[in-house]
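A quick write-up on the structure given underneath.
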Amino acid sequence: VPAYGGALREGVIGLPRTINPILATSDVDKDLSALVYSGLMKYENGKIIPDLVQSYKVSADGLTYTFKLKPRLRFQDGTPLTSEDILFTIQKIQDPALKSPRAADWANIAVSAPSATEVQFALKQPYGPFLSNTTIGIVPKHIWGDVSDEQFIFSQYNIEPIGSGPYRIDSVDRDGDGIPTRYQLSSWRSYYGTDPFIYAVSFNFFEDGTEALAALDRGDIDSLAALSPDAAE
């Protein structure tokens, strides 16, 4: 049985640019988004289970999905998370001006918020895998609501995100040019779900595989993904 505690130093080839579920395209941004943000549902052991929601129901015709949020949800800055944040997130994904890579998942789907703790999706035709769409991370409307479409991709919150997920960003190390070289994350103590076993995770960024492999050999990092067979040997 795993024990709680410890730290992991992860090596990553590439740099974070949009740690934002609405915009993330690279593996770096998607991995960080998955730790910082949370969705209505999530994957666990290959199954889709509730995350932000305490229950959901599907209409008999398979066209309407209604989700009931867990009580007292909050973002990492202490602001309450409500159905308005979910409504905002999906509408931003659907906004053609943002060109979200997730836009196709939400095309022709109407979203509404009957109350602060309920959100409803109306599909034009039944779609069995729809629940997988609802694993998308929810962004805080109180932070992003005043950001114009033109400035959305340039916002500082794309690289210093605030979500409601199991980890929060504690610090960002930068080089002389202001480029991030390391993110330090810790488990968020006010997280509504089960605490992560690993308390601290650092993401260490490298320009190429050679530099990352050298850091692994020196013991500067504990793990490194996407090694070639030759490098792994």
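The values are calculated or read from the model by the stated rules, or taken from the named source; none is laboratory data. Computed from a predicted structure; not experimentally measured. With ideal geometry, Cβ positions are generated from the backbone for all residues, glycine too; neighbour counts draw on all protein chains shown. Calculation scope for accessible area: heavy atoms of the full protein, side chains included, ligands and nucleic acids excluded. Shrake-Rupley method; radii C 1.70, N 1.55, O 1.52, S 1.80 Å.
Rounded to the nearest Hz, the phi-derived 3J(HN,Hα) couplings of region 173-184 under the Karplus curve 6.51 cos²θ - 1.76 cosθ + 1.60 (θ = phi - 60°) are 8, 10, 8, x, 8, x, 7, x, 10, 7, 10, 10, where x marks glycine and proline. Cα centroid separation, region 48-97 to region 154-174: 21 Å.
Determine the alpha carbon to alpha carbon distance for each of K47/K141; K47/K70; K42/K70; K30/K57; K68/K99; K42/K92 and list only those over 26 Å. Walk me through the numbers on the way to the answer.
Numbers: K47/K141 29 Å; K47/K70 20 Å; K42/K70 14 Å; K30/K57 28 Å; K68/K99 29 Å; K42/K92 20 Å.
Over 26 Å Cα-Cα: K47/K141; K30/K57; K68/K99.
Across region 143-199, how large is the tail of the calculated P(r) beyond 18 Å, expressed as a percent of all Cα pairs? Working shown, then result.
Values: 776 of 1596 pairs.
Roughly 49 percent, rounded to a whole number.
Solvent exposure of the chain amounts to 52 Å² per residue of accessible area, where only protein heavy atoms count and the probe is 1.4 Å. Evaluating 6.51 cos²θ - 1.76 cosθ + 1.60 at θ = phi - 60° for every residue in region 115-129, the Karplus couplings come out as 8, 5, 10, 10, 9, 9, 10, 10, 9, 7, 8, x, 9, x, x Hz, glycine and proline recorded as x.
In terms of overall dimensions, the C-alpha atoms belonging to region 26-174 reach 53, 31, 30 Å along their principal axes, ordered largest to smallest. For region 107-182, the Kirkwood estimate of the hydrodynamic radius, built from every pair of different alpha carbons, is 15.9 Å.
Each residue, S26 and Q91, gets one label point 7 Å from its Cα in the Cβ direction; the gap between the two is 3.1 nm. Annotation: amide H of V53 within the under-5 Å range of K70, sequence separation 5 or more or interchain, hydrogens built in the peptide plane.
Here's how it looks for L224: its modeled amide H is under 5 Å from those of G11, which are all 5 or more places away or on a different chain. 3J(HN,Hα) along region 201-214: 9, 10, 9, 10, 9, 10, 6, 8, x, 5, 5, 5, 5, 4 Hz, from the Karplus curve 6.51 cos²θ - 1.76 cosθ + 1.60 with θ = phi - 60°, whole Hz, x for Gly and Pro.
Rg/Rh for region 173-226 (Cα atoms only, Rh after Kirkwood) is 1.07.
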